[in-house]
Amino acid sequence: MNKGKFVLIVGPSGSGKGTIIKNIRKRHPDWIYPFSYTTRAMRPGEENGLVYKFISKEEFEKGINDGKFLEYACVHEKGYYGTAKDEIMKGLEEGNVVVREVDIQGFHSIKKALDASLLITIFIEAGDLDELKKRIAERGALPDEEILRRMESAKREIAQADQCDFRIVNEYGKVDEAVNAVEKIILDNL
């Protein structure tokens, strides 16, 4: 049996990674969409166990010590995020397409851990930094320091975008175009 493909949707906070995956999931419900474990607080409208599994810092650190995560990082100096190994490796062994949103730290960790032939990496960016800042600010009542921290992280991530196999610009009001482009990349590289 052929091994599956692990699709990494990479990009800064506010670039639209989650929106793109949500739309891809509607088109391809048979693909695997493992959630990310996180210690951050749940935002309004989020559901535990759908995109994120919200756990305590102590539970997360136990998972680190137990080797549970394929990758993990402390993001925005605020909380842990990580991808559990089991569901991904099982999906790949069974020949499935596995789609995950990761930040640039997770991207680098996964690239070190898995053979490149298993990966399709797609960097998502907003039209420009002003647009990205607007999207981040619209997410909720974030303090100015948090917006600044996320913008600095975004600049570092964008500087590494060419390390991904593909780059897609998710322009404001054109999410369908971005979703179509991501879907085409995945299907063309299976």
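Please build a GNM for the chain, connecting alpha carbons under 10 Å apart, and tell me which residue among Gly67, Gly95, Gly173 fluctuates the most.
The residue with the greatest mean-square fluctuation here is Gly173.
About its Cα centre, how strong a charge dipole does the chain have in debye, to the nearest 20, once Lys and Arg get +1 and Asp and Glu get -1 at the Cβ?
Taking the Cα centre of the chain as origin, the dipole is about 180 debye.
Just check region 1-95 against the gyration tensor rule for me: Cα atoms, a ≥ b ≥ c as the square roots of the eigenvalues, rounded for a/c under 1.5, and otherwise prolate or oblate depending on whether a/b exceeds b/c.
oblate
Roughly how many whole Å is it from the C-alpha centroid of region 113-152 to that of region 90-106?
So the separation of the two Cα centres works out to 19 Å.
Please list the helices of the chain that count as membrane-span-like by this rule: a mean Kyte-Doolittle hydropathy of at least 0.0 together with Cα atoms stretching 18 Å or more along the helix axis, each helix being a complete DSSP H run.
175-188
Net charge around Leu50, counting only other residues with Cβ within less than 11 Å of its Cβ (Lys, Arg = +1; Asp, Glu = -1)?
In short, +1.
Once mean projected area of the Cα convex hull in nm² is worked out from the coordinates, which option in (i) 10.5; (ii) 13.2; (iii) 11.1 does it equal?
Recomputing mean projected area of the Cα convex hull in nm² here gives the entry labelled (i).
Residues of the chain: accessible area per residue at 1.4 Å, in Å²?
54
Among DSSP beta bridges whose residues both lie in the chain, state the antiparallel percentage, nearest 5.
Roughly 30 percent of the DSSP beta bridges within the chain come out antiparallel.
Roughly to the nearest percent, how much of the accessible area of the chain is carbon and sulfur, given a 1.4 Å probe?
48
With all protein chains present, calculate the accessible area of Glu138 using a 1.4 Å probe and round the result to the nearest 10 Å².
It works out to around 120 Å².
Provide the net charge surrounding Phe166, with neighbours chosen by a C-beta distance below 11 Å and charges set as Lys +1, Arg +1, Asp -1, Glu -1.
-1
Lys and Arg at +1, Asp and Glu at -1: add these up for the other residues within a Cβ distance under 14 Å of Ala181 and post the number.
Charge balance near Ala181 sits at -2.
Please check: in the Gaussian network model of the chain (C-alpha springs, under 10 Å), which one of Ala73, Ala116, Ala41 has the largest mean-square fluctuation.
It is Ala41.
How much length would be gained if the chain were fully extended between Glu61 and Glu47, taking 0.36 nm per residue of separation minus their Cα-Cα distance, in nm to one decimal?
Answer, rounded to one decimal: 2.8 nm.
Less than 19 Å apart at the alpha-carbon level, and either on another chain or at least 8 residues along: which lysines does that give for Lys155?
Once the sequence-local lysines are set aside, what remains near Lys155 is Lys17, Lys78, Lys133, Lys134.
The values are calculated or read from the model by the stated rules, or taken from the named source; none is laboratory data. Because the structure is a prediction, the values reported are computed rather than measured. No Cβ is skipped: glycine too gets one built from the backbone with ideal geometry, and neighbour counts run over all protein chains shown. Calculation scope for accessible area: heavy atoms of the full protein, side chains included, ligands and nucleic acids excluded. Shrake-Rupley method; radii C 1.70, N 1.55, O 1.52, S 1.80 Å.
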